[in-house]
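Peer 1: Dropping the structure in here first, questions after.
The values are calculated or read from the model by the stated rules, or taken from the named source; none is laboratory data. The model shown is predicted, which means the values in this text are computed figures rather than measured ones. Here Cβ is always computed from backbone atoms with ideal geometry, including for glycine, and neighbour counts include all displayed protein chains.
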Amino acid sequence: MRKRMKDIAYEKIQEMILNGQLGPSEMINEYSLAAELNISRTPVREALTKLENEGYVHAFPNKGVMVATLDADDIVKISEVREALEGFAVRLACDRMDPEVAMDLKRKLEAIPNLEEEEYQEKSFMLGRQLHNQILKSTGNELLMKYVLNITAQLNRIMLLSRYAPSRAQTTFDEHMLIVDAILSKDKDLAEQSMRNHIISVANDVINLKKMDYV
């Protein structure tokens, strides 16, 4: 089935926000987007409404739509929720994740030759996202997955911003290895603490970058 125009518009605008083409506090031009996508303004407006509900943008009457900002308080609150949810999820994953899936992710991480090059940094981050996704999937708890997905927009933006931090790629790699090793050893306490430490570490890096006006 062909995608609806509003879905195409949604995916395009979301991508532009996540890759930095549309930065925090930037106003979104509906006319330009509609022209670029070769569609009418209606699906663009519908897409922006969905993006506002997910926290990507804010609409201001008679002014337009602006890309949402993330201040330090937002980052702390989002990370606290993420700690609780993903900390619990990884405890479940220790019993429920297929060991072969976890071992496959470990092998792929270990196969990365170095983290100095952007290509391999991106591969490491991609495998990290797969690890988080597999942890959630392995729980079999649809309600838990739904709650995490509800803050996915904010999580994605925080994780993308964290990449600007010095040594973030290596730190993230090391943290993900600790998590997957804890899952493989079925050490629930270590798995949860490693996950919580990882989430706190990412949040702190972004907050420090924002203090320096780097992001």
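Peer 1: Quickly run through segment 195-215 and pick out the residues that are without any contact (Cβ under 8 Å) to a residue 60 or more places away in the chain and among the small types (Gly, Ala, Ser).
Peer 2: 201
Peer 1: Within segment 93-109, how many residues turn out to be in contact (Cβ under 8 Å) with a residue 12 or more places away in the chain and either farther than 21 Å from residue 193 by Cβ or touching a strand residue (DSSP E or B) at 6+ places or on another chain (Cβ under 6 Å) (or both)?
Peer 2: 4
Peer 1: I've got another one for you. For segment 45-95, name all the residues that are under 30 Å from residue 176 (Cβ atoms), part of a helix (DSSP H, G or I) and of a type outside the set (A, V, I, L, M, F, W, C).
Peer 2: 73, 74, 77, 79, 80, 82, 83, 86, 87, 91, 95 - these are the residues of segment 45-95 that are under 30 Å from residue 176 (Cβ atoms), part of a helix (DSSP H, G or I) and of a type outside the set (A, V, I, L, M, F, W, C).
Peer 1: Inside segment 1-52, can you point out the residues that are aromatic (Phe, Trp, Tyr) and loosely packed, with under 13 Cβ neighbours inside 10 Å?
Peer 2: Hit for segment 1-52 is 31, nothing else.
Peer 1: In addition: Do any helices (runs of 4 or more DSSP H) entirely within segment 147-215 hold 3 or more residues that are β-branched (Val, Ile, Thr), and if so, which?
Peer 2: Output list reads 168-184, 188-211.
Peer 1: Scan segment 118-168 for residues that are aromatic (Phe, Trp, Tyr) and buried (at least 18 other Cβ atoms within 10 Å of the Cβ) and jot them down.
Peer 2: 125
Peer 1: OK, next. Within segment 13-44, track down each residue that is part of a helix (DSSP H, G or I), modelled with pLDDT of 90 or more and either under 17 Å from the mean Cα position of the chain (by Cα) or closer than 29 Å to residue 77 by Cβ (or both).
Peer 2: Residue satisfying the conditions is 13 alone.
Peer 1: Okay, next question. Could you say whether any residue in segment 110-117 is part of a helix (DSSP H, G or I), more than 30 Å from residue 33 (Cα to Cα) and modelled with pLDDT of 95 or more?
Peer 2: Checked against the condition, which is being part of a helix (DSSP H, G or I), more than 30 Å from residue 33 (Cα to Cα) and modelled with pLDDT of 95 or more, segment 110-117 yields at least one hit.
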